[in-house]
Amino acid sequence: MFFKSKTYRKSYLKSMLFVLPGIILTVAFVIYPVINTAWLSLNKWNGIGGAPVTWVGLENYIKVLTSEKFWKSMLNALYFMIGGFCILMPIAFGMALLVTSKLKGIKFFKTAYLMPVMLGTTAVGLMWTFMLNANFGVLAQFLRAIGLEEYIINWLATPTVNIWCVVLVNEWMYAGYNMLIFAAGIVAIPDEIHDAALLDGCTGLKKIIHITVPLCKNMFMVFSVICITGCLKAFDIVWAMTGGGPMDSSATPAVLLYTQGFQYKLMGRSGAISIILLVLGLVLSVLLNNVIFKEKD
């Protein structure tokens with residue numbers, strides 16, 4: 001019925017012309033790379049053009065999943081998630097409450113909070129690398145000044161300590177960005193609800209807990225998905241500050257993916273890590289949407 005009508009047929013073709021560029025870009029830069037990476041993960045290849053590609057089946061996945069380095073990198077990704085939910089989320093939400101309030105001089109805070117994310121990851125990483133230097137860094141100089149020189153260590157070269165340093169820098173950098181997510185949810189709450197809460201005596205912390213947080217549920221869901229997927233693919237800030245070292249002690253799955261593919265020339269194993277991260281990210285996102293943040297009937 002639809003295609004029998006000439007008018008509807010023309011309308012459909014025009015609509016497809018508008019959609020076609022998006023479809024082509026999605027296929028070329030999303031779907032094809034994923035399919036190609038999945039195929040590559042089942043083969044052995046050194047990444048050099050003309051080199052033989054050998055079918056190995058699930059061997060790459062077995063080697064990745066039985067690798068101590070991979071599980072160490074997953075633990076580091078877990079540290080990023082813990083930092084994201086326990087440090088970044090409450091700070092970003094608190095900042096959003098502040099910038100959406102009617103306090104004087106709030107424009108200054110709006111600008112200041114967004115400065116770190118505008119600096120660029122490499123600049124932030126290098127800046128904090130110098131600040132955390134055990135010889136001439138600001139933190140080391142401060143500890144010497146107050147007589148706590150025995151607590152000075154090479155923070156970025158000490159296992160576990162180094163990854164937490166990177167995590168804290170990451171939270172500092174992205175607090176302003178995530179503040180915008182929560183601020184969007186807060187300003188979308190109708191004024192009538194605020195007025196009704198005021199009449200009922202629901203103010204201050206009680207208002208935040210019973211009114212603001214529940215009505216920002218979708219923003220918390222968006223933050224959770226971005227946080228989990230971002231932590232799984234964290235690369236730039238880690239690479240800028242520690243390079244994943246020493247001895248891969250601060251490597252995340254994305255750093256391991258890079259080193260396996262471009263340093264050790266194990267493209268198949270690198271592809272296997274990519275697919276594992278893709279599946280894990282999809283599974284966790286679906287669980288968040290359908291279990292934790294599921295709408296009640």
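The values are calculated or read from the model by the stated rules, or taken from the named source; none is laboratory data. Computed from a predicted model, the values in this text were never measured in an experiment. Glycine also receives a Cβ, built like all others from the backbone with ideal geometry; neighbour counts cover every protein chain displayed. Only protein heavy atoms, including side chains, enter the accessible area calculation; ligands, DNA and RNA are left aside. Shrake-Rupley method; radii C 1.70, N 1.55, O 1.52, S 1.80 Å.
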Exercise. When both residues are 6+ apart or on different chains and their Cβ atoms are under 9 Å apart, which pairs have a first residue that lies in segment 187-204 and is open to solvent by 60 Å² or more (accessible area, probe 1.4 Å), and a second that is assigned to a loop (DSSP other than H, G, I, E, B)?
Worked result: Val187/Thr100; Ala188/Cys216
Exercise. If you scan segment 20-33, which residues turn out to be over 29 Å from Ala272 (Cβ atoms) and surrounded by 10 or more Cβ atoms within 10 Å (Cβ to Cβ)?
Worked result: Leu20
Exercise. Would you pick out the residues in segment 101-134 that are closer than 13 Å to Tyr174 by Cβ and either in contact with a Pro (Cβ under 8 Å, 6 or more places away or on another chain) or not in a helix (DSSP H, G or I) (or both)?
Worked result: Gly120, Val124
Problem set entry | Cβ pairs under 9 Å, 6+ apart, first in segment 268-293 and touching a residue at least 12 places away in the same chain (Cβ under 8 Å) and over 21 Å from Leu75 (Cβ atoms), second open to solvent by 30 Å² or more (accessible area, probe 1.4 Å) and of a type in the set (D, E, K, R) | Gly268/Lys44; Gly268/Glu59; Phe293/Lys217
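Looking only at segment 125-177, filter to residues that are small (Gly, Ala, Ser) and in contact with a helix residue (DSSP H, G or I) (Cβ under 8 Å, 6 or more places away or on another chain); which one of those is surrounded by the fewest Cβ atoms within 10 Å (Cβ to Cβ)? Explain how you work it out, then say what you get.
Start the filter on segment 125-177 by keeping residues that are small (Gly, Ala, Ser), which leaves 125, 134, 137, 140, 145, 147, 157, 175-176.
With the extra rule that they be in contact with a helix residue (DSSP H, G or I) (Cβ under 8 Å, 6 or more places away or on another chain), the set shrinks to 125, 134, 137, 175-176.
Working: Gly125: 21, Ala134: 15, Gly137: 18, Ala175: 20, Gly176: 21.
Among those that are small (Gly, Ala, Ser) and in contact with a helix residue (DSSP H, G or I) (Cβ under 8 Å, 6 or more places away or on another chain), it is Ala134.
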Exercise. Residues of segment 47-57 being in contact with a strand residue (DSSP E or B) (Cβ under 6 Å, 6 or more places away or on another chain) and either open to solvent by 80 Å² or more (accessible area, probe 1.4 Å) or not in a strand (DSSP E or B) (or both), which ones?
Worked result: Val53, Trp55, Val56
Seminar exercise, completed: Taking segment 1-19 and keeping residues open to solvent by less than 100 Å² (accessible area, probe 1.4 Å) and hydroxyl-bearing (Ser, Thr, Tyr) leaves Ser5, Ser11, Tyr12, Ser15
For this session: Read through the list (1) part of a loop (DSSP other than H, G, I, E, B); (2) open to solvent by 50 Å² or more (accessible area, probe 1.4 Å), then give the number of the only condition that Val279 fails.
Result: (1)
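Criterion first (surrounded by 12 or more Cβ atoms within 10 Å (Cβ to Cβ), in contact with a Lys or Arg (Cβ under 8 Å, 6 or more places away or on another chain) and part of a helix (DSSP H, G or I)) does Asn60 satisfy it?
Working: surrounded by 12 or more Cβ atoms within 10 Å (Cβ to Cβ): yes; in contact with a Lys or Arg (Cβ under 8 Å, 6 or more places away or on another chain): yes; part of a helix (DSSP H, G or I): yes.
It is true that Asn60 is surrounded by 12 or more Cβ atoms within 10 Å (Cβ to Cβ), in contact with a Lys or Arg (Cβ under 8 Å, 6 or more places away or on another chain) and part of a helix (DSSP H, G or I).
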